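Asker: Got a structure for you, written out below as structure tokens; questions coming shortly.
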Amino acid sequence: MTLILYVVSLIFCKMAYTNKLATILRHFVPVFVTQSLNVYFRTSYSFAASFDITYKCPLKCKHCYFIRQGYNKELSDEEWVKIFHKLRKKGVLVAIWVGGEPLLRKDLVRKGVEIFPFNWLITNGTLPIPNWEKVVVWISVDGTKPYYEKIRGPVYDKVKSNILSSPVAFRLAIVINKLNLECIEDLILEWVEYEKCIGINFDLYTPSIGEKGDLVLGNKDISNILQKLLKARNKYGDKIMVTKRMIDLHKVKNRSKVIGKNCLVRNVISLDPLGRRKRPCVIVGADCNRCGCTIPYLFTSALKYYDIPTYKMFLTHCL
Ligand SMILES: C[S@@+](CC[C@H](N)C(=O)[O-])C[C@H]1O[C@@H](n2cnc3c(N)ncnc32)[C@H](O)[C@@H]1O
Ligand code: SF4
Ligand code: SF4
């Protein structure tokens with residue numbers, strides 16, 4: 001069933017390049033089969049790995065899970081490259097470059113990009129954005145200028161000018177929390193017509209266990225946000241990277257089917273700056289029952305509900 005739906009979704013999705021399609025088919029048929037085994041037989045095949053390639057970062061964002069983890073050491077280039085090869089041999093296809101700010105170790109990330117067939121670079125945009133093949137670039141912009149700066153500090157103009165002066169097509173990565181929820185519509189308006197912004201992704205803030213503070217979204221906030229995202233999705237289609245099924249699963253009454261002990265992201269290998277496995281995922285110490293990360297909703301929508309628009313969105317945006 002998964003396989004049939006996967007192939008059907010490929011036919012419907014707007015894949016422009018035949019060689020890219022061939023790569024995806026070659027790699028992702030086994031991935032979708034093994035991920036389905038994970039769902040039904042609770043096996044733990046990992047097709048993706050995230051690397052906290054450095055602990056360093058010029059920013060101190062209020063919402064950042066990584067800062068709370070308090071790292072102050074990292075592996076050398078040689079140590080990391082050994083790990084990349086090992087994981088590639090084990091079947092990891094998608095490398096997710098994070099940190100800290102991954103572009104502070106740009107040469108190392110470049111080496112990693114050569115090793116993995118698919119790569120996601122998640123950057124704060126304070127450094128020039130590299131124009132590399134095989135890389136999906138995500139730039140974290142958590143608000144229109146005043147909201148952004150409340151969370152990320154006074155670097156909005158620098159980030160925006162880096163983005164505008166770069167030829168690279170990118171997706172925006174937005175984390176909605178209590179401090180920026182008012183600017184969602186304006187933020188979409190600011191970026192949606194910009195040609196090189198080819199997708200806008202929304203995560204909801206994931207709090208730490210026991211966290212109450214000024215970032216945490218209440219149930220009513222979540223419901224309002226989901227309505228706004230649904231409206232945007234209806235208006236702008238696939239550019240808004242949450243499908244209707246994902247939005248539905250995000251509803252407070254449905255969330256337990258997706259997150260907590262049911263979360264499919266637990267199979268992704270996440271390594272800290274010293275190359276050690278992070279559990280349950282990159283957000284060590286997260287309150288999994290209040291998780292707002294989009295990936296578990298995407299995986300569940302695709303692998304448990306066989307949702308064609310989600311497959312299409314994934315194949316269009318994430319590879
Ligand atoms: C830790 S950052 C590392 C990459 C880079 N420094 C950046 O900011 O894009 C990776 C992503 O996680 C997001 N993030 C940080 N803390 C989060 C949280 N508590 N809940 C959800 N997303 C979070 C950031 O906004 C960013 O998009
Ligand atoms: S730029 Fe990224 S790693 Fe740095 S503090 Fe902000 S979210 Fe965390
Ligand atoms: S924080 Fe979210 S993505 Fe991570 S393991 Fe928990 S539920 Fe899954």
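Asker: Counting Lys and Arg as +1 and Asp and Glu as -1, each charge on the Cβ, what is the dipole of the stretch 2-317 about the Cα centre in debye, to the nearest 20?
Answerer: 900
Asker: Each residue of the stretch 106-120 in order: what ³J(HN,Hα) in whole Hz does its phi give by Karplus 6.51 cos²θ - 1.76 cosθ + 1.60, θ = phi - 60°, with x for Gly and Pro?
Answerer: 4, 5, 5, 4, 4, 4, x, 4, 5, 8, 9, x, 10, 9, 10
Asker: Test of understanding: what is the full-extension gain from Y71 to E182, defined as 0.36 nm times their sequence separation minus their Cα-Cα distance?
Answerer: Gain in length upon complete extension: 36.7 nm.
Asker: With r as the distance between the Cβ atoms of S161 and R88 and R0 = 35 Å, compute the FRET efficiency 1/(1 + (r/R0)^6) and round to 0.05.
Answerer: So, using R0 = 35 Å, E works out to roughly 0.45.
Asker: Further question on the same structure: Apply the Karplus curve 6.51 cos²θ - 1.76 cosθ + 1.60, θ = phi - 60°, to the phi angles in the stretch 224-240 and return the couplings in whole Hz, x for Gly and Pro.
Answerer: Here the 3J(HN,Hα) series is 5, 4, 4, 4, 5, 5, 5, 4, 5, 4, 4, 7, 10, x, 4, 5, 8 Hz.
Asker: May I ask which of K56/K111; K82/K160; K150/K244; K62/K196; K89/K111 have a Cα-Cα span longer than 24 Å here?
Answerer: K82/K160; K150/K244; K62/K196
Asker: Can I ask one more? For the chain, what class follows from the C-alpha gyration tensor (a ≥ b ≥ c being the square roots of its eigenvalues): rounded when a/c is under 1.5, otherwise prolate if a/b is larger than b/c, else oblate?
Answerer: Rounded.
Asker: Just name one of P146, L104, W120: the one whose Cα is farthest towards the positive end of the charge dipole of the chain (beta-carbon charges, Lys/Arg +1, Asp/Glu -1).
Answerer: The one lying farthest along the dipole's positive direction is W120.
Asker: Please compute the contact order of the stretch 2-317 in relative form: average sequence separation of alpha-carbon pairs under 8 Å and at least six residues apart, divided by the residue count, as a percent.
Answerer: 20
Asker: Straight-line reach only, C-alpha to C-alpha below 18 angstrom: list the aspartates and glutamates that K312 could link to, leaving out same-chain residues fewer than 8 apart.
Answerer: D238, D248
Asker: Need the C-alpha centroid separation for the stretch 241-270 versus the stretch 39-107, integer Å.
Answerer: 22
Asker: Which one, I188, I83, I222, has the greatest fluctuation when you compute a Gaussian network model over the chain with C-alpha springs under 10 angstrom?
Answerer: Result for the chain, Cα springs under 10 Å: I83 fluctuates most.
Asker: Can you work out ³J(HN,Hα) from phi for every residue in the stretch 265-280, in order, using Karplus 6.51 cos²θ - 1.76 cosθ + 1.60 and θ = phi - 60°, giving whole Hz and x for Gly and Pro?
Answerer: Couplings: 6, 4, 7, 6, 7, 10, 10, 7, x, 9, x, 8, 5, 9, 9, x Hz.
Bear in mind these aren't lab numbers, they're just calculated from the coordinates by the rules spelled out. What you see is a predicted model, and the numbers here were worked out from it, not measured in a lab. Note that each Cβ is placed from the backbone with ideal geometry, even for glycine, and that neighbours are counted across all protein chains shown.
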